[in-house]
Structure formats: C-alpha cells, structure tokens
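Reading through the structure tokens given below for one structure.
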Amino acid sequence: MKSFKKVLELDVPARRQFINITPSVAEALRKSKIKEGLCLVNAMHITASVFINDDESGLHDDFEEWLETLAPEKPYSQYRHNGYEDNADAHLKRTIMGREVVVAVTDGKLDFGPWEQIFYGEFDGKRRKRLMIKIIGE
Amino acid sequence: MKSFKKVLELDVPARRQFINITPSVAEALRKSKIKEGLCLVNAMHITASVFINDDESGLHDDFEEWLETLAPEKPYSQYRHNGYEDNADAHLKRTIMGREVVVAVTDGKLDFGPWEQIFYGEFDGKRRKRLMIKIIGE
Amino acid sequence: MKSFKKVLELDVPARRQFINITPSVAEALRKSKIKEGLCLVNAMHITASVFINDDESGLHDDFEEWLETLAPEKPYSQYRHNGYEDNADAHLKRTIMGREVVVAVTDGKLDFGPWEQIFYGEFDGKRRKRLMIKIIGE
C-alpha cells in the first residue's frame, strides 16, 4: 500500500469564499503515482468546508444566501461562542457544507460523475488557510 | 491491497425519491472478495445524495417535508442557478443529506449498527441515474 | 495492508449530548500500530452523529439551540415517524451533523488541523451507545 499527503495553502481574502481546488487535488494524485484507492480531502480549519458540487456562479450565490438564512452571521450576540470571537456562524455553515470528501481513485484519476468538482468553502477567511489531501492505495 | 469498483444504475421515475441500495452494495462487496477495508458509496450526480438512516416510510416522509422547508423547490425564481434549469433546490437538499458514505468492511461484510441502511436520495430525478461503489482492502 | 476495528461504548445519560472522543480514537490508533492510512469513525446509531469541530462549550450550546430551530423535538405529532417513537427530530439533527468522519493517519498520528477534535453527538440518548472506529493502512 502506498500513501501520499499534501497540505495545500490558500489565500482567502474574503470572509466567505468558494475556491475550486479540483486541479490541485488532481495534481497531488498525479504526484502520488497511486492508481487505485481513495482520496480524502478535508478542511484543516473548523470554520471551513470541503465539498463537491457544480462550478456555477449562480449556484454559489444561492449557497451564500441560503447559508445566511440558515445560520446568519449577525447579530454576533445571538451566539454564545461569540465572546472574543465573531465566527460562530462560520462553524454552523461549515457543518451544513461538510468537513471532507472522499473520492474514488481509478486508473490514476479522480473518479468523478459528469459535473463533480471539489471546492474549498471558507466562512471565516481574510487570511491564509490550509487543507489536507491524503491518498492511499496502490 | 485489492480494489473494486462498481457503477450502479438506477431508474428514478419521480423528481424526489429515496431508494434502499443496501442489497446492491452488499452484493458488490461479495463480488469484490474484500474481507477487511473501507467501502465508499457516493452519488455521481450533484443533485443527489447517498446517506445512511432508517428504512421507515414515515421518516422518509418527514425527510421530504423537512427538506422542502429548508430548501423549497418553488418558486423557481428565488434561486440564481435557475436560469435554464429548475433544480437549484436539489443542489441544496443534497448538501443537507450528504454526497457519500464510507462504511467499514469487516469479515467480508458491511459493518453496520443495528438499523443502518444505505439510501440513494434523488432530488432531481425523472431519468436514469448512477452511483459509485469503490471498495479497497484485503 | 493492516486493518483495525474497535467498537467504543459510551454512557449517554442525557437525550442530547456532545462527547469528545478524540482521546479514545487516538488510543485505538496507537493500538492498531498503523502509521499511514485512513481512520473512519462513525456513529452506529441512526439518531447520533460523529463530527469534527471545536471543543468550546459556548459553541456546543449554539449547536444545541440551532439544531432545535432547524429540527425541533416538539410537538412530537409534527413528524410521521413518531407513532411508537418520539425521536424523529433526532434523525434529522443527526443528518445535519453527519454520520461519520474520515481522518488522515500520518506518522502514527491523527493528522489534524490546529483545533480539530472528534465528537460523538447523541440526539436520542439516555442509554448505552456505540460507535465504530475502523483504521486501514500500514
């Protein structure tokens, strides 16, 4: 069994932002030389998400608006977590979107359905962020 | 290490539908001859879900009603994704229900808790759909 | 390839409760002697969750309040699942929080971001509960 790890660093200038990381994950897989296995991609921050969906800007606007309805950022005082911090909503939003994805690796490629793309979703950004790619297989 | 892949095709006549796929996943595992490992099952469509819960029709009705409250199908115009499409709500519903499950494989069997069953949840059906089973182990 | 399985038993006196299980998962990993691989941790009950987030009591209170808003426990009669049972809300809450996490194993350790901790989240407790740890790798 082979294993391969890559920590990806991203600049996230906005508080909330979706970044298509599919090319970086595909590159990590190429470097791993793993042909058959599983590829885990997870946020390393607990206010961020890794998820799979469509790369369509209208949908991403819908996600932003929908998450604000389900777990609004303000007023900050509505959350007990917000004493020294102001990011409780980010913890809740990331819970909806999920921490991680596991993708099948077949024939050296990410084995996707037709529209699947991997995104890093940040909900408390404005700084440098990290995510983990871990691949195991042969 | 062994790996095994099976793409499952399903007819989904309704727009929204839950289908118990546990027997098909168990059959794929038998064919794989893998005794110890991990089994990934994921929707290949981004408006669909694979999730684990109870096979109880009242609960499935509750899921349907609850998801319509959290991410209503109509009016279509409330979503920016709905220009040429009408399925933005399906992308949101699938996000709540999740894209994938990973199940432990022990002694050649899906290693479940007492009531765990795997479902394919479709939110934009009325056509043939596909899901991925990928098993790795020994 | 090595594989290791451990079923963890927990007493859960309250109906809803979050329990930090990171030390138990880390101990299972040590026993497994696996240095590189993937570690699956999942609830074995369909009214419970395993998730990763911050070990901060204010945030846990926020989760409790937020989940009650999204999927209220009462009135029990609002859910079709609640004939002989009263736990439909627990099935919905667990869906938001997720059934499982997959964590990278690197150098014999759970390969976490700085604040990641693993929690068992129970939404229909008051009895003994079980969760699964399955580790594969080398």
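The values are calculated or read from the model by the stated rules, or taken from the named source; none is laboratory data. Just so it is clear, the structure is predicted and the values come from calculations on it, not from any experiment. No Cβ is skipped: glycine too gets one built from the backbone with ideal geometry, and neighbour counts run over all protein chains shown. The accessibility values were calculated without ligands, DNA or RNA, using every heavy atom of the protein model including side chains. Shrake-Rupley method; radii C 1.70, N 1.55, O 1.52, S 1.80 Å.
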Self-check item: Count of residues meeting criterion [under 23 Å from A:ARG15 (Cβ atoms), polar (S, T, N, Q) and within 14 Å of chain B (Cβ to nearest Cβ)] in the range A:87-138
Solution: 2
Self-check item: Residue count, the range C:101-110 (criterion: touching a helix residue (DSSP H, G or I) at 6+ places or on another chain (Cβ under 9 Å) and open to solvent by 10 Å² or more (accessible area, probe 1.4 Å))
Solution: 3
Practice problem: Go through the range A:22-52 and count every residue that is in contact with a Leu (Cβ under 7 Å, 6 or more places away or on another chain) and away from chain C (no Cβ under 11 Å). | Solution: 5
Quiz prompt | Output for the range B:115-138, where each listed residue is surrounded by fewer than 24 Cβ atoms within 10 Å (Cβ to Cβ), charged (D, E, K, R) and either closer than 19 Å to B:VAL105 by Cβ or free of Cβ contacts under 8 Å to residues at least 60 places away in the same chain (or both) | solution = B:GLU116, B:GLU138
Practice problem: Quickly run through the range C:1-26 and pick out the residues that are of a type in the set (Lys, Arg) and surrounded by fewer than 18 Cβ atoms within 10 Å (Cβ to Cβ). | Solution: C:LYS2, C:LYS6, C:ARG15
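Being without any contact (Cβ under 8 Å) to a residue 40 or more places away in the chain and among the polar types (S, T, N, Q) narrows it down to one of B:THR47, B:THR69, so name that one.
One residue alone meets the criteria, B:THR69.
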Quiz item: Within the range C:27-44, can you find the residues that are surrounded by fewer than 19 Cβ atoms within 10 Å (Cβ to Cβ) and not in a helix (DSSP H, G or I)?
Solution: C:LYS33, C:LYS35
Practice problem: Collect the residues in the range B:40-67 that are under 26 Å from A:LEU59 (Cβ atoms) and of a type in the set (Asp, Glu), keeping them in residue-number order. | Solution: B:GLU64, B:GLU65
Quiz item: Residues of the range C:90-100 being crowded, with 22+ Cβ neighbours inside 10 Å and either among the hydrophobic types (A, V, I, L, M, F, W, C) or out of contact with any helix residue (DSSP H, G or I) (no Cβ under 8 Å at 6 or more places or on another chain) (or both), which ones?
Solution: C:ALA90, C:LEU92, C:ARG94, C:ILE96, C:ARG99, C:GLU100
Quiz item: From the set of residues in the range C:45-60 that are in contact with a Gly (Cβ under 8 Å, 6 or more places away or on another chain) and of a type outside the set (S, T, N, Q), which is most open to solvent (accessible area, probe 1.4 Å)?
Solution: C:HIS45
Quiz item: When you scan the range B:87-138, how many residues do you find that are part of a strand (DSSP E or B), among the small types (Gly, Ala, Ser) and in contact with a Leu (Cβ under 7 Å, 6 or more places away or on another chain)?
Solution: 2
Self-check item: Qualifying positions in the range B:61-86 - in a loop (DSSP other than H, G, I, E, B), more than 8 Å from every other protein chain (Cβ to nearest Cβ) and open to solvent by 50 Å² or more (accessible area, probe 1.4 Å)
Solution: B:LYS74, B:PRO75, B:TYR84, B:GLU85, B:ASP86
